[in-house]
Structures are given as structure tokens and as C-alpha cells.
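Below: one structure, written as C-alpha cells.
Values quoted throughout were computed directly from the atomic coordinates according to the rules given, and no laboratory measurement underlies them. Everything quoted here is computed from the prediction, not taken from an experiment. Here the Cβ positions follow ideal geometry from the backbone for every residue, glycine too, while neighbour counts run over all protein chains shown.
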Amino acid sequence: MVAHALGHNIEADMVQWRRDIHQHPETAYEEFRTAAKVADLLRSFGVEVHTGIGQTGVVGILKQGQGNGVIGLRADMDALNLHELNGFDHCSINPGKMHACGHDGHTAMLLGAAKYLATNQTFDGTVVFIFQPAEEGEAGAAAMLEDGLLERFPMQAIYGMHNFPGMPAGTFAVRNGAIMASADTFRLTINGQGGHGAFPHLANNPIITGVQIANAWQAIINQSLDPIQSAVINLSEFRGGSAIAVIPESATLTGSVRAFSSHTQDLIEQRMTDVAEGISQANGVSCEFDYCRNYPATINTREESDLAYAAAVKVAGADKVLQDWPPEMGAEDFSFFLQQVPGCYLFIGNGTEGHSSCSLHNPRYDFNDQVLSAGASFWVQLAEDLLPKGEQARFLS
């Protein structure tokens, strides 16, 4: 690994910060201790601090020189509602809460970069350090935007990074265009007519209609979607009835949809609506279909993806940076930032053995401390590349 020389003190600090945050996990909009720790550390580095953005979000502003370029670097802070099954010393002390997605590591890496950049003054311009709450399904990025993040701290580009278990530690993966899918949810309620199971002709069973709709929905991907595109319609719950000999009054189907473009989302939502209403009408029942768009697709811009790739190569070497990484069906609320500002979201390998190779959201997962130096080095290198000291600024307006 050709990691940026951060210094032993910063590397040791990041491990301590990371393990402390892991031991005290906090979930969406309750990251009070974590946010306070982040704010106190940033102040100790000499970084200007703003708190309470998007409820518990923290923003640090570091300006050096006369450059007019402004870039945003983002880390998420929240944990999951999950009981940890690990037994090491820094295991969660908050029952039912756990850092099972590595946000403790993301926060520590960005803090390490902030300390280095504040201490060494190796760039010319402004870096906005964004410590975001509530990424895990509660749209903390959108909350920060609604709270005026970009109006208060305008930036020309924004970058985010997530660890990836199963990928060699310290390697990077970058992609131009869509790198993560949108995440939508749906609920269909079918209202039929209840009755005795022995006399179905005197009732109208909503479960029969639900089965037909569920099967027809699966055909949407094959029959209505361009084969080049990718999407998922996942039916995760089907409820109806509570007794063997009773035809229920209603049945409910819920699930999720994943796609890589708003056009595909539009198409799937319309076709699901048409199918549900058409089959319900044909069967003489009524239905209520609710489709909720949660996170949009995470779509990187080309120039920013190329710049991220170049910085990663300087840090890790070309053989450890994967370009054109295949898109993932998981979702990420960094997508809200990318709808407003050009930028790039990339992955850093978390390792292939032990806790670091466990899948995300696994109760035995742990962020790999060996990755901290590479991640912080990447942030430092990116800031130095985009806001070069003693050279013509990349951003001219």
C-alpha cells in the first residue's frame, strides 16, 4: 500500500476514535454523543465547526490560502438497530444498537484527514467536512439539505466513501454513472368480501387476487423493461386471513423496488399500478396501492469519478484501484447530495478475512482498522489534487 504519510500519531488516533465510536453506537437522529465527539475533535484541530444541521449533523470548514475552490467530503455517523454478537473489548455497550455498517470507520477516516489537513496546510481553498446523521433508511442527507447545507456552505463538488467487505483491505473501487440503486417501497391493500371457506362463491377472496397480482408484477421486469437495464421488484410480505376456514375481507402485499434511473422508477411504478388496478377490477375487488420513493439512485459524474480514481491510484497504486466497478443494488442517501452537486461515491476494501469480511449489517461485522490509513490518505490526496497549493485552482468560479 502506498498510503499518504499521515504520521503514526494520526493513525493511532483514528483507531482510538473508531473503537470509541463503535463502543457507543447511536442510531438515526440520536447521534448526540458521536456528534459532540466529532465537533470537539474538529475544534481541537482548528477547524470551524457548525452543529445541529439536519438535527444531529456536524459540518467543519477548513479554509487555507486564497483559492476559491470548495469541495465537500462526507462521512456518515449512525449505527443500526442490531444486537452485536462480537466479544472484543470495543464491542457495543448500547444493547440492541451496533455499528454493523462501518460508519464508525468512515467517521474516523474523515477526522484523520481533517487533522492532517489542518496541521500541514497542504492545499489552497476550502474543504467542507460533512458528518451526516441517519443514513440507515432515515435520509439524513436530505435532512441536511433541507436544513440549508448547500445554501450555507456552497461547494463545487462532493465525495463520499463506503467500506466494502470481501474486497482486499485498502483497495478502491470507482465507477462513473450509477453505482448504487434507488430504494422504493410499496404497499397494496386488496379489499374483497369475507365469508366461509366452504362457500367461496358467496365471498370474493382477496388472496386469490393478490396471488395473481404478485405473479404479474414479476413479469414487469422481463416484459416492460429494456433488457439492458437492471431492476428488482421484491415482494417481502403477504398478509391475509387468520383462520383456515375463513375467507378474509382484505389482503396486504408489501415490498421494495430497486432501479438505476428515475425513468425506470417511473415505468415500474406505473406498470405496478396498472397491473394492480386492472386485475382487481377484473376480479370484482377494490385496491389501494401506495408507492413511496425513498432514496434515489446514486449517480456519479464523470469528471469527479476520474478525479477520485486518480487520487486513489496515487494512494494505493494502479493495481489496487478498480475502475468501472459494477453497480450495486444496495441504496445510499449520498444520492441526495449528488442530485444537487457533481460528485463521486466510491468503495474502499474492508478485507477478506475475519470480522472485516462479514457482510454489512451482520451482527459479527467490524470495520477493519488497517483500512483507516488508506481511507484518510485518500481524502487528503483528493483535497490536495482538487485544491492544489501554489498552482492554478481547478475551480475558477
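For region 4-27, the residues whose backbone nitrogen is under 11 Å from a point 7 Å from the Cα of Asn94, taken along Cα to Cβ, are 21-27. Near Trp325, the amide H atoms lying under 5 Å from its own belong to Val174, Arg175; only residues 5 or more places off or on other chains count, and H is placed 1.01 Å from N.
The alpha carbon centroids of region 296-372 and region 83-150 are separated by 15 Å.
Scanning the chain for DSSP H helices at least 18 Å long along the axis (C-alpha atoms) with a Kyte-Doolittle mean no lower than -1.0 picks out 32-45, 103-120, 206-223, 262-282, 302-316, 372-386. So which residue, out of Ile228, Ile61, Ile279, gets the largest mean-square fluctuation from a GNM of the chain using Cα contacts under 10 Å as springs? Between Ile228, Ile61, Ile279, it is Ile228 that shows the largest mean-square fluctuation. In a simple Cβ point-charge model (Lys, Arg +1; Asp, Glu -1; nothing else charged), the chain has a dipole of about 280 debye relative to its Cα centre. Net charge in the neighbourhood of Val59 (other residues with Cβ under 11 Å of its Cβ; Lys, Arg +1, Asp, Glu -1) is 0.
Over the chain, what relative contact order in percent results from Cα pairs under 8 Å that are six or more residues apart? That works out to 26 percent.
For Ala183, the residues whose modelled amide H falls within less than 5 Å of its own, excluding neighbours fewer than 5 places apart on the same chain, are Asn294, Tyr295.
Taking the beta-carbon count within 10 Å as an exposure proxy, list Trp217, Trp379 from fewest neighbours to most. Please report the intermediate quantities before stating the final value.
Details: Trp217 23, Trp379 26.
Listed from fewest to most nearby Cβ atoms, that is Trp217, Trp379.
Taking Cα centre as origin and charging only the Cβ of basic (Lys, Arg, +1) and acidic (Asp, Glu, -1) residues, the dipole magnitude of region 183-295 rounds to 220 debye.
Pairs of lysines in the chain whose Cα atoms sit within less than 28 Å of one another amount to 11, provided the residues are eight or more positions apart or on different chains.
Taking only the C-alpha atoms of region 183-295, the Rg (one decimal) and the largest Cα-Cα distance, Dmax (whole number), read 15.0, 48 Å.
Among Ala141, Pro327, Gln193, which residue has its Cα furthest toward the positive end of the charge dipole of the chain, with +1 on Lys/Arg Cβ and -1 on Asp/Glu Cβ? Of Ala141, Pro327, Gln193, it is Pro327.
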